[in-house]
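Report on the following structure.
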Amino acid sequence: MSGKPTVGEYMTRDVETVSPDETVKAVAQRMAESNGHNGFPVTQGRTVEGFVSAADLLLADDEAPVFTVMSNDLIVAHPDMKVTDAARVILRSGIQRLPVVDDADNLVGIISNTDVVRSQIERATPSKVGKLMRTLEQIHGVKLREERREVRLTDLTPTQARVYADELEGRKYELKRGLAEPLVVIDNGGTLHLADGHHRVMAAHEAGIEEMDAYVIITDPPVELGMAKTAKKEGLDDITDIEIVDYARHPLVETTKRLQ
């Protein structure tokens with residue numbers, strides 16, 4: 001990945017579109033049945049003709065063709081555009097999605113405010129992973145490597161005995177919107193120790209998700225990890241051993257009560 005993330009790296013390529021001749025009623029129905037869509041690019045072939053939002057449809061006649069109500073004043077992005085620049089456009093224009101077109105003005109994707117947030121989350125994690133790797137290398141005198149892959153939640157050995165219910169709700173919200181940060185896992189001789197992401201894992205487990213994206217730090221040969229000793233001491237074999245602590249017992253909440 002380049003030094004600064006580009007729109008092409010984070011845009012959604014499978015874009016739902018509508019044609020200019022579709023009726024307002026048909027498009028409104030598609031919007032209602034879609035997963036969170038509040039607008040569609042209007043295309044003729046691969047060329048973007050306009051954009052239709054829920055607001056455009058509100059007072060329109062059901063049988064009116066979409067091209068009569070769509071916005072023709074288009075704001076688009078290019079795949080090589082920096083995500084930060086796209087974020088500024090989204091913020092200043094008040095729109096939530098930017099169609100992405102190539103040099104021939106063909107629609108190649110769409111980038112949303114959610115994609116922008118995800119780009120920043122995913123770029124925060126590598127620095128965390130790098131810091132952990134350097135620490136482990138210094139402690140154990142070994143050279144480690146890292147890879148990105150999906151891990152099964154049932155294969156993970158937790159290193160944290162409890163999670164808090166209030167924070168768990170926040171992680172569930174992130175999962176639903178595709179904003180969950182990748183896990184950080186240490187593969188120590190085949191045993192997968194969960195180093196970071198216990199709340200995310202429990203939120204995913206409760207949602208019935210079986211696998212998650214992770215940065216995996218691989219030790220070769222295996223080393224004696226302090227977190228592994230802690231897990232054994234706490235009786236942590238798999239994620240079902242993690243205790244979910246009630247919101248009222250969260251340390252920050254207790255501190256706030258004492259201050260009050």
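Remark: pairs (first residue in region 14-28, in the same structural domain as residue 39 (by the TED database) and more than 18 Å from residue 47 (Cβ to Cβ); second residue open to solvent by 40 Å² or more (accessible area, probe 1.4 Å) and assigned to a loop (DSSP other than H, G, I, E, B); Cβ separation under 6 Å; 6+ apart in sequence or on different chains) = 23/63; 24/62; 25/62.
Specify the residue that is surrounded by the most Cβ atoms within 10 Å (Cβ to Cβ); the eligible residues are those in region 1-54 that are in contact with a Pro (Cβ under 6 Å, 6 or more places away or on another chain) and aliphatic (A, V, I, L, M). The qualifying residue surrounded by the most Cβ atoms within 10 Å (Cβ to Cβ) is 42.
Look at region 138-190 and say how many of its residues are β-branched (Val, Ile, Thr), farther than 15 Å from residue 228 by Cα and surrounded by 13 or more Cβ atoms within 10 Å (Cβ to Cβ).
Selection size over region 138-190: 3.
Residues in region 201-214 that are open to solvent by 20 Å² or more (accessible area, probe 1.4 Å) and touching a helix residue (DSSP H, G or I) at 6+ places or on another chain (Cβ under 8 Å): 205, 206, 207, 209, 210, 211. Pairs linking a residue in region 142-167 that is modelled with pLDDT under 95 to a residue that is open to solvent by less than 50 Å² (accessible area, probe 1.4 Å) and of a type in the set (Gly, Ala, Ser), with Cβ atoms under 6 Å and 6 or more positions apart or on different chains, are 159/231. Scanning region 110-123 for residues that are at pLDDT below 90 and open to solvent by less than 30 Å² (accessible area, probe 1.4 Å), we see that the one that is farthest from residue 76 (Cα to Cα) is 119. Within region 240-248, not a single residue is open to solvent by 90 Å² or more (accessible area, probe 1.4 Å), among the charged types (D, E, K, R) and either modelled with pLDDT of 90 or more or in contact with a Pro (Cβ under 7 Å, 6 or more places away or on another chain) (or both). Summed over region 62-95, the residues that are in a strand (DSSP E or B), closer than 19 Å to residue 119 by Cα and open to solvent by 40 Å² or more (accessible area, probe 1.4 Å) give a count of 1.
Residues to consider are 107, 98; find the one that is open to solvent by less than 40 Å² (accessible area, probe 1.4 Å), touching a helix residue (DSSP H, G or I) at 6+ places or on another chain (Cβ under 7 Å) and either within 21 Å of residue 50 (Cα to Cα) or assigned to a helix (DSSP H, G or I) (or both).
Working: 107 fails: touching a helix residue (DSSP H, G or I) at 6+ places or on another chain (Cβ under 7 Å).
Just one listed residue meets the conditions, 98.
The values are calculated or read from the model by the stated rules, or taken from the named source; none is laboratory data. Only a predicted model underlies this, so the values are computations on that prediction, with no experimental measurement involved. We place every Cβ from the backbone using ideal geometry, glycine too, and count neighbours over all the protein chains shown. Heavy atoms of the whole protein, side chains included, go into the accessibility calculation; ligands, DNA and RNA do not. Shrake-Rupley method; radii C 1.70, N 1.55, O 1.52, S 1.80 Å.
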